[in-house]
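Notes to accompany the following structure.
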Amino acid sequence: MDAHISTSTVGGTTRAPPSKSYTHRAILAAGYSDGASVFDPLDSADPRATMRAVGAFGGTVDRHEDHLEITGFDGRPEVPGDVIDCANSGTTMRLVTAAAALADGSTVLTGDDSLRSRPQGPLLEALDALGVRAESTRGNGQAPLVIEGPLAGGTVDIPGDVSSQYISALLMAGAVTDGGIELNLTTDLKSAPYVDITLEVLEDFGVAAEPVGATGEGGVRSAGAEGFVVDGGQSYAPTDGEYHVPGDFSSMSYLLAAGAIAADESVVVEGAQPSAQGDSAIVGVLEAMDADIAWDRDAGEITVARSDLTGTTVDVGDTPDLLPTIAVLGAVAAGDTVIENCEHVRYKETDRVSAMATELAKLGVSVTEEHDTLTIHGSDSTLSGATVDGYHDHRIIMSLAVAGLVAEGTTTVRGADHVDVSFPTFFDVLDDLGGRVDRTD
């Protein structure tokens, strides 16, 4: 599907979709338990991959209108009867790789072309050091993967600057090993708020895990951590057998950006309760860019009006998923917007640094791309409609669609159906807010 976005104004009230990050972790945590109900989950392609994995390990996932009823494998996954296809979901592959290490036998994991190009090597090396057979079939640290357990626990070194999901995966699995797991980080931790999400979900399921040597800078519990520890022999069991998924700030960022650059009056986003999500930093980014924005934390509502934005400097070391949104905001802001510390953003569904530089340039945006920095020269940019590539990446697609609201003429985003990964109703919501959106097969 291609999406065609014409110059538009937006306004009204909408609701953020449930958090993809929390949904993944909650589904797998329920799988580790003997059973739990997960309310308000995100129903999209990526979480469905995690549901399939829970089923492959011997659990069951029954989908109801407002919740998932999950019968877990109680900390001891069965050896799957077939290959586990993680599709395009990197979170599924990494979290499930560690879960597979608990099975007393071999598990094979694969995914689509994009996922089979993403790095898994450090996690495989860590599992190997813990006594698990963990191999890339092509010997390149990428899927397909073969994992053969069981994992007993232990102490292991792992880098913190490639993917925080490696740490999350080992902490979740480590809680049900006999000996627990102690992780020593060999590099600084990137994306620390995502580990905080894992710690929060673990706590909600009755599992204790702790950062070691963390500074807690900026209110991020895992910030500056030298490592992590999780005791073994624990059980997953949420209070009253229930877990409720919060709203997703990564997805919310596109709605807030649309309001800041294209609102006729204002856009109100509901479901914005505070949580460990690092991407709630989008509110602070918009404030730094002089946006007219207000967050009622008690009500869980954010109101944003169209604003004359000014450029700023943003470090996305902890918030890599915000880079596409910030780049679009910078395209309409006065002055330069400098996005720093973004090398790790190159290892997502696509190289998002290069993708945004390339596609924004097609729209008339002046961009300077360096290895670890992306600079958007807003004062030198005039957005005009063009045909741009979505790279099969939901975040690239949604951010470019937002840019299309203020580009002169019509912007066509190719492959727009990939929003199904995290925000399946994105174009419906944009249309409901007044955006002029046409879709063609």
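Remarks
- Helices (runs of 4 or more DSSP H) (entirely within the range 44-153) containing at least 1 residues that are among the aliphatic types (A, V, I, L, M), more than 19 Å from the chain's Cα centre (by Cα) and more than 16 Å from TYR32 (Cα to Cα): 121-129
Matching residues to (1) touching a strand residue (DSSP E or B) at 6+ places or on another chain (Cβ under 6 Å); (2) among the basic types (Lys, Arg); (3) at positive phi:
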{"position": "SER164", "(1), (2), (3)": "no, no, no"}
{"position": "ALA173", "(1), (2), (3)": "no, no, no"}
{"position": "LYS190", "(1), (2), (3)": "no, yes, no"}
{"position": "PRO193", "(1), (2), (3)": "no, no, no"}
{"position": "ASP196", "(1), (2), (3)": "no, no, no"}
{"position": "ALA209", "(1), (2), (3)": "yes, no, no"}
{"position": "GLY241", "(1), (2), (3)": "yes, no, yes"}
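- Considering VAL267, VAL207, VAL195, the condition of being under 26 Å from LEU383 (Cα atoms) and at pLDDT 95 or above is satisfied by VAL267 alone.
- Scan the range 1-41 for residues that are more than 24 Å from GLY75 (Cα to Cα) and of a type in the set (A, V, I, L, M, F, W, C) and the total you get is 5.
- Among the residues listed as THR373, THR387, THR411, THR368, the single one being within 24 Å of GLY434 (Cβ to Cβ), of a type in the set (S, T, N, Q), surrounded by fewer than 24 Cβ atoms within 10 Å (Cβ to Cβ) and modelled with pLDDT of 95 or more: THR387
- Within the range 154-175, the set of residues being closer than 21 Å to LEU28 by Cβ, within 25 Å of the chain's Cα centre (by Cα) and either of a type in the set (A, V, I, L, M) or assigned to a strand (DSSP E or B) (or both) comprises ILE158, VAL162, ILE167, ALA169, LEU170, LEU171, MET172, ALA173, ALA175.
- Scan of the range 31-43 for residues that are assigned to a loop (DSSP other than H, G, I, E, B) and surrounded by fewer than 22 Cβ atoms within 10 Å (Cβ to Cβ), ordered by number: ASP34, GLY35, ASP40, ASP43
- Test: LEU199 is surrounded by 17 or more Cβ atoms within 10 Å (Cβ to Cβ) and under 17 Å from ASP321 (Cβ atoms): no
- In the range 227-248, of all residues being more than 17 Å from THR198 (Cβ to Cβ) and acidic (Asp, Glu), the one that is surrounded by the fewest Cβ atoms within 10 Å (Cβ to Cβ) corresponds to ASP240.
- Filter result for ARG352 (charged (D, E, K, R) and crowded, with 22+ Cβ neighbours inside 10 Å): yes
- Every residue from the range 320-349 that is modelled with pLDDT of 95 or more and of a type in the set (Ser, Thr, Tyr): THR325, THR337
The values are calculated or read from the model by the stated rules, or taken from the named source; none is laboratory data. Just so it is clear, the model here is predicted, and its values are computed rather than measured. Cβ coordinates were reconstructed from backbone atoms using ideal geometry, including for glycine residues, and neighbour counts include every protein chain displayed.
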